[in-house]
Amino acid sequence: MPPHQLLLAEALVGATILSSFTLFLARSQQQKIHLPTVQDASLADDVDQDPFDVTKPEDFIDGEPIDEDAFWAKMRNRKLLLVLLSATILAFEGSYLGWSAYTNGQNMLAEHVFRTVFALYIGILLVRSVGQCTIDHHSESAIHITALTFFSCVLHFVVAILPSSDSISAHSMRELPPVLAFWYAVTVLYILTFVIIGTTPRGPPLHFSPSLIYSQKTIDDTTNKAYENVCGLPGASVIDYLWFSYVTRVVQLGKSDSVEIGDLPILPRKMRATYQFYRVRMNLQAILAASAAPMWFASPFFVRKLIAYLEGDPERLDKGWGWVYAFGQFASLIVVTQLNSQMWYIATSTVQTRLRTQLNTMLFAKTLVRKDVVSSSGASTSVEKNDKKSKNADGESNKDKDEEENEFSSKAQIMTLMTTDVDRVAEISFHLFAITDSPIEIVVGTALLYSMLGVSCFIGLAVLCLFLPLNHFAGKVVINAQDNLMKARDERVSLMNEILGGIRMLKFMAWERSFEKRVMKVVFSAIW
């Protein structure tokens with residue numbers, strides 16, 4: 001019995017168990033009681049309404065489906081075609097199982113039973129999805145079937161190119177040509193199933209009323225009058241989602257002479273909801289980082305194996321392993337690119353955007369109750385004078401407390417917080433995954449270096465560790481320079497606000513040159 005064939009069947013059964021367990025967990029979560037997201041209008045007169053509860057029902061919908069009945073009818077026909085393909089696969093696997101039991105007895109029975117179970121599970125998912133006419137259930141089935149069929153296609157391709165004297169491509173071609181035909185027929189059917197289900201939209205096109213989020217002036221200036229005005233992300237197929245094909249419409253807008261905000265597709269509910277919870281996205285980002293970290297070394301590993309093969313077999317007597325290493329290098333690059341693209345998508349379009357929105361919301365709420373002070377410099381001077389005159393009973397200064405209070409008292413500082421500081425804090429989403437993937441990359445990289453160089457690799461790592469204090473010192477210098485730069489920017493913004501606020505007095509008193517010197521002095525301090 002070919003050993004890699006049995007491993008393939010076991011991997012397929014493992015994927016079946018994982019998929020069924022995931023579906024079971026999803027069903028248990030859906031059966032829980034969900035609290036309402038908006039206040040019931042019928043109870044608004046009976047209870048006091050929270051003035052900060054600004055959520056509306058339309059904040060929790062992606063949009064209204066366009067021609068929904070026609071879309072689900074089209075999906076039903078496509079699913080029936082997939083059911084037909086699945087039934088054909090199951091028939092081939094059953095025939096394959098019967099042939100094996102008749103010719104080989106119990107030798108290869110477990111392998112074919114596992115393959116038949118996998119085909120039966122996919123058929124059950126497809127039959128179950130035929131009657132699904134909701135986006136959530138339809139998307140769930142499409143994702144599971146796409147993942148399973150893609151996994152099956154990859155395993156079948158790997159088994160087909162693996163060189164072995166007992167492989168299906170060598171052993172079966174000599175003795176069992178019908179079994180070989182069944183095997184390749186099943187592989188082709190799995191590829192067709194994957195292509196069809198992978199390109200199946202997960203939802204109908206959507207329309208969201210622009211009047212709910214845009215002003216009438218913005219709507220009048222809009223040049224894009226297409227009824228399908230919602231971003232294609234909610235209804236994108238699995239392949240379109242992985243390869244970001246849904247942003248094609250936005251990219252095409254770059255060809256226009258001018259683009260208004262109303263020309264852009266309306267964001268889905270996950271980007272428009274008032275309250276967002278991104279802990280799940282951060283965990284997903286960590287998982288993707290942990291998966292991508294070792295994959296960075298997969299391509300060099302296959303290159304090393306390919307070079308060793310070229311050196312060890314100059315006559316090219318066995319080209320099978322050469323094809324395996326070449327395909328492994330290609331597949332590893334594709335996988336690591338896909339993992340990193342999804343990781344950066346989550347970091348930029350999900351975590352960073354929502355983190356910036358939440359920080360700006362908090363700062364805006366704080367500005368509504370802040371103290372209005374003309375200048376931060378004046379405030380700090382008065383604080384220093386009062387600090388010299390008064391001390392606490394415990395002997396501690398009030399300066400720290402007053403400085404904390406005055407840090408948010410200047411308009412210039414508020415503008416700096418909401419523009420520069422918020423962006424700098426939101427950039428942490430780019431570096432969060434480094435906490436996860438850095439240790440993994442260090443361990444895997446050290447292991448590969450040791451396998452190639454032996455003990456000598458530790459000498460190089462020791463030299464690298466000796467220079468870590470220098471990197472730490474350089475980092476502290478950069479941090480101090482950034483702090484001084486931010487202080488200079490605050491002073492510059494405060495001075496410019498003061499100039500703009502008293503521009504008439506400056507013109508009347510002819511103080512332009514003196515204030516110009518003050519501004520240039522602050523600018524030079526920020527540069528140098």
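Miscellaneous remarks
- Qualifying residue in segment 266-279 (condition: assigned to a helix (DSSP H, G or I), surrounded by 17 or more Cβ atoms within 10 Å (Cβ to Cβ) and modelled with pLDDT under 85): yes
- Scanning segment 108-146 for residues that are surrounded by fewer than 22 Cβ atoms within 10 Å (Cβ to Cβ), over 24 Å from the mean Cα position of the chain (by Cα) and among the β-branched types (Val, Ile, Thr) yields Val113, Thr116, Val117, Ile124, Val127, Val130, Thr134.
- Within segment 438-459, residues that are free of Cβ contacts under 8 Å to residues at least 40 places away in the same chain reach no partner that is among the polar types (S, T, N, Q) and surrounded by fewer than 13 Cβ atoms within 10 Å (Cβ to Cβ) with beta carbons closer than 8 Å at six or more positions or on different chains.
- Scanning segment 25-35 for residues that are surrounded by 13 or more Cβ atoms within 10 Å (Cβ to Cβ), of a type in the set (Ser, Thr, Tyr), modelled with pLDDT of 60 or more and more than 13 Å from Ser152 (Cα to Cα) turns up nothing.
- Test: residue in segment 195-214 that is in a loop (DSSP other than H, G, I, E, B), touching a residue at least 60 places away in the same chain (Cβ under 8 Å) and of a type in the set (Phe, Trp, Tyr): yes
Matching residues to (1) over 30 Å from Ala298 (Cβ atoms); (2) surrounded by 10 or more Cβ atoms within 10 Å (Cβ to Cβ); (3) touching a helix residue (DSSP H, G or I) at 6+ places or on another chain (Cβ under 6 Å); (4) of a type in the set (D, E, K, R):
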site	(1), (2), (3), (4)
Met452	no, yes, no, no
Phe458	no, yes, no, no
Leu466	yes, no, no, no
Asn497	yes, yes, yes, no
Lys507	yes, yes, no, yes
Arg513	yes, no, no, yes
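- Selection over segment 224-244 of residues that are of a type outside the set (A, V, I, L, M, F, W, C), touching a helix residue (DSSP H, G or I) at 6+ places or on another chain (Cβ under 6 Å) and in a loop (DSSP other than H, G, I, E, B) gives a count of 2.
- In segment 411-497, counting only helices (runs of 4 or more DSSP H) that sit wholly within it, the ones holding 3 or more residues that are β-branched (Val, Ile, Thr) span 428-453.
- Counting only residues that are in contact with a strand residue (DSSP E or B) (Cβ under 8 Å, 6 or more places away or on another chain) and not hydroxyl-bearing (Ser, Thr, Tyr), segment 207-264 holds 10 of them.
- Of all residues in segment 493-528, exactly one satisfies the criterion of being among the hydroxyl-bearing types (Ser, Thr, Tyr) and farther than 26 Å from Asp483 by Cβ, namely Ser514.
The values are calculated or read from the model by the stated rules, or taken from the named source; none is laboratory data. Fair warning: this is a prediction, and the values are worked out from it, not measured in the lab. When we count neighbours, we look across all protein chains shown, and the Cβ atoms used for this are built from the backbone with ideal geometry, even at glycine.
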